[in-house]
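Read through the structure below, which is laid out as structure tokens, and then see the notes.
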Amino acid sequence: QVQLVESGGGSVQAGGSLRLSCAASGRIFTINSMGWYRQAPGKQRELVATITSGCSTNLADSVKGRFTISRDNAKNTVYLQMNSLEPEDTAVYYCNQHITYYGNVWGRGTQVTVSS
């Protein structure tokens, strides 16, 4: 089995920064794409950012210029650096990794709360 463990969530004031991490553990073959999604109360889960095995990135328009996604293949970890946070960024953030043999694997989520 494979597990994803997220960390780095918390509460911050508007304009602040947080860095999320998501590490995969278990019997891992190849990790292809990695990404972050978020779900605010009463809303559907939405894509925040993805990064391919070749480190090509894709970010939602709402976070471009503020968030950066990166990965450390040696640690099976994906990061999301979030700067200039806004109250609208408040949500549960979920990590996703596409792992060979297992397919899409999801983390349990980490809460990010931004106060004005």
- Item | Tally, over region 14-50, of residues that are among the aromatic types (F, W, Y) and in a strand (DSSP E or B) | 2
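For region 62-81, which positions are more than 23 Å from I31 (Cα to Cα) and of a type in the set (A, V, I, L, M, F, W, C)?
V63
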- Looking at T57, is it in contact with an Asp or Glu (Cβ under 6 Å, 6 or more places away or on another chain) and at pLDDT 95 or above? no
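How many residues are open to solvent by less than 70 Å² (accessible area, probe 1.4 Å) and farther than 15 Å from V2 by Cα when one looks only at region 87-116? Give the steps one after another, and end with the answer.
First pass over region 87-116, keeping only residues open to solvent by less than 70 Å² (accessible area, probe 1.4 Å): 87, 89-100, 102-103, 105, 107, 109-110, 112-115.
Filter once more, so that each one left must be farther than 15 Å from V2 by Cα: 87, 89-94, 109-110, 112-115.
Within region 87-116, residues that are open to solvent by less than 70 Å² (accessible area, probe 1.4 Å) and farther than 15 Å from V2 by Cα number 13.
Restricting to region 82-98, name every residue that is under 12 Å from the mean Cα position of the chain (by Cα) and under 19 Å from A24 (Cα atoms). So that I can check it myself, show each step before the final result.
Going residue by residue through region 82-98, those that are under 12 Å from the mean Cα position of the chain (by Cα) are 82, 91-97.
Correct list: V92, Y93, Y94, C95, N96, Q97.
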- Query: Do the conditions hold for G42, that is, is it open to solvent by 80 Å² or more (accessible area, probe 1.4 Å) and either over 15 Å from the mean Cα position of the chain (by Cα) or in contact (Cβ under 8 Å) with a residue 40 or more places away in the chain (or both)?
  - Reply: yes
- Message: Cβ contacts < 7 Å: first residue more than 18 Å from G9 (Cβ to Cβ) and in contact (Cβ under 8 Å) with a residue 12 or more places away in the chain, restricted to region 102-116; second residue assigned to a loop (DSSP other than H, G, I, E, B) and charged (D, E, K, R), any location; separation 6+ or different chain. Result?
- Response: none
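Give the residues of region 67-87 that are outside any strand (DSSP E or B) and either under 18 Å from S21 (Cβ atoms) or modelled with pLDDT under 95 (or both), sorted by residue number. I'd like the intermediate steps shown before the answer.
From region 67-87, those outside any strand (DSSP E or B) are 73-76, 83-87; that's our starting set.
Selection gives N73, A74, K75, N76, N83, L85.
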- Go through S11, S33 for me and flag whichever is at pLDDT 95 or above, over 17 Å from V112 (Cα atoms) and open to solvent by 20 Å² or more (accessible area, probe 1.4 Å). S33
- Item | Scan of region 14-30 for residues that are open to solvent by 20 Å² or more (accessible area, probe 1.4 Å) and closer than 17 Å to N73 by Cα, ordered by number | S21, A23, S25, G26, R27, I28, F29, T30
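The values are calculated or read from the model by the stated rules, or taken from the named source; none is laboratory data. This one's a predicted model, so the numbers in the text were calculated from it and none came from an experiment. Using ideal geometry, Cβ is built from the backbone for each residue, glycine included, and neighbour counts are taken over all protein chains shown. The area values use the complete protein model at the heavy-atom level, side chains included, leaving out ligands, DNA and RNA. Shrake-Rupley method; radii C 1.70, N 1.55, O 1.52, S 1.80 Å.
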